[in-house]
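Asks: I have a structure here, written as structure tokens, and I will follow up with some questions on it.
Readers should treat all values here as calculations from the given coordinates under stated rules, not as data from a laboratory. As the structure is a prediction and not an experimental result, all values here were calculated from the model. Positions of Cβ are backbone-derived with ideal geometry, glycine not excepted, and every protein chain shown enters the neighbour counts.
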Amino acid sequence: MQTNPYQFAPHMSQRLVTGGLHQSLRPMLVMAIFLLLATLALLPHAARASEPANGDDAAAAQIAGQVCSNCHGPAGVSVSPLFPRLAGQQEQYLAAQIRAFKAKTRSDPEAHNYMWGMATLVSEPMIDALAHYYASQAPAPGISGNAARIEIGKHLFEQGIPERGVVACANCHGAGAEGRAIFPRLAGQHAAYLVRQLEVIQRQLRSSPIMHGIIKDLKPDEMKAVAEYLQAQ
Ligand code: HEC
Ligand code: HEC
């Protein structure tokens with residue numbers, strides 16, 4: 001057993017990517033990162049008393065760099081599709097999601113296993129500071145994919161499927177999938193993560209009334225196509 005969680009934690013996302021991480025080790029690693037966040041969250045911040053906003057920004061950058069980056073990558077650009085990219089995501093959306101993990105209205109297995117514990121340790125002002133930090137990072141460029149599927153996905157994103165009542169995604173997520181306020185940026189996000197979210201929203205494991213109504217009848221190949229298009233943006 002490692003005694004210093006911080007020494008051990010940085011290897012985690014890499015190990016998960018390669019799939020070399022044994023199932024039974026995973027809870028231990030999540031716990032190690034969780035303990036690190038607990039330590040950081042309890043550290044006194046000298047700057048806070050005199051300059052609350054700057055103090056929170058500095059503390060947010062520290063927590064992001066030492067804790068969140070183990071899974072979400074440096075500056076929010078993750079490598080493994082298990083972990084969503086946060087760089088350049090909409091600030092209001094990010095804050096709402098951390099609160100959703102805290103309130104457990106995102107209750108799919110990955111939310112439960114990875115984010116519930118993290119979210120309980122993040123204070124209300126720190127939620128906003130972390131959202132501000134990640135929204136300010138430059139989004140990563142897209143990842144190319146299968147051209148034929150991307151073409152189908154583009155059509156779905158821009159036009160929807162009128163005959164089945166599927167509204168065009170671009171109406172809310174923006175023409176370039178850049179998002180706005182509570183509507184998440186989808187451009188450049190990992191396709192596997194996007195498909196998983198469409199599935200959990202469809203199964204109502206993630207409470208999202210607006211999205212559920214729109215995608216409740218979307219088929220697996222349609223999800224895959226639209227996700228691959230978005231990942232490539
Ligand atoms: C141990 C790995 C791990 C760590 C550490 C971690 N996360 Fe996450 N995070 C995840 C996973 C996995 C998901 C996807 C959850 C799902 O599928 O519902 C996620 C999802 C999120 C989302 C939702 C993104 C979206 O597009 O909806 C936000 C926001 C987030 N994390 C913020 C943070 C912040 C801030 C920290 C640091 C305090 C952090 N995470 C630390 C694993 C982690
Ligand atoms: C009427 C507005 C609206 C339309 C149209 C819409 N969405 Fe959304 N979408 C949202 C909102 C709001 C959220 C945030 C949900 C939440 O808070 O959990 C969201 C979330 C998502 C997410 C989760 C992103 C993440 O980072 O976890 C995906 C994926 C998504 N939408 C894909 C789509 C696709 C594909 C379409 C078109 C078939 C679409 N959306 C159409 C409003 C919309």
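Asks: HN-Hα J couplings of region 81-92 from phi, Karplus 6.51/-1.76/1.60, θ = phi - 60°, integer Hz, Gly and Pro as x?
Replies: Working through the residues one at a time gives x, 5, 10, x, 6, 10, 4, x, 5, 5, 4, 5 Hz.
Asks: Something else: Just to confirm my numbers, what's the Cα centroid distance between region 163-233 and region 55-112 in Å?
Replies: 19
Asks: Working out 0.36 nm times the residue gap between residue 219 and residue 103, then minus their Cα-Cα distance, what length gain in nm do you get to one decimal?
Replies: 38.8 nm
Asks: In terms of modelled amide H atoms, which long-range or inter-chain residues lie less than 5 Å from the amide H of residue 166?
Replies: Close amide H contacts, sequence-distant or interchain: 161.
Asks: Still on this model: If the reach is capped at under 29 angstrom between alpha carbons, list the lysines near residue 104, excluding any in the same chain fewer than eight residues apart.
Replies: Those lysines meeting the cut-off are 216, 219, 224.
Asks: Still on this structure, please answer the following. Normalised by the residues of region 147-231, what does the relative contact order come to in percent, with Cα pairs under 8 Å and at least six apart?
Replies: It comes to 39 percent, rounded to a whole number.
Asks: Using each residue's phi in region 164-181, evaluate 6.51 cos²θ - 1.76 cosθ + 1.60 at θ = phi - 60° and report the 3J(HN,Hα) Karplus result to the nearest Hz, with x for Gly and Pro.
Replies: 10, x, 8, 5, 4, 4, 4, 3, 9, 7, x, 4, x, 6, 7, x, 6, 6
Asks: So the label point goes 7 Å from the Cα of residue 132 along Cα→C-beta, right? Which residues of region 182-203 then have their backbone N under 12 Å from it?
Replies: Counting only backbone N, you get no residues.
Asks: Quick check: residue separation of residue 146 and residue 212 times 0.36 nm, minus the Cα distance between them. What number comes out in nm?
Replies: Length gained, residue 146 through residue 212: 21.1 nm.
Asks: Here's something else I'd like to know. When a/c is below 1.5 the answer is rounded, else prolate if a/b is larger than b/c, else oblate, so apply that to region 147-231 with a ≥ b ≥ c taken from the square roots of the Cα gyration tensor eigenvalues.
Replies: Cα axes put region 147-231 in the rounded bin.
Asks: Using modelled backbone amide H atoms (1.01 Å from N, in-plane), which distant-in-sequence or interchain residues come within less than 5 Å of residue 177's amide H?
Replies: none
Asks: Can you tell me the dipole magnitude for region 147-231 around its Cα centre, using point charges on the Cβ only (Lys, Arg +1; Asp, Glu -1), in Debye to the nearest 20?
Replies: 280
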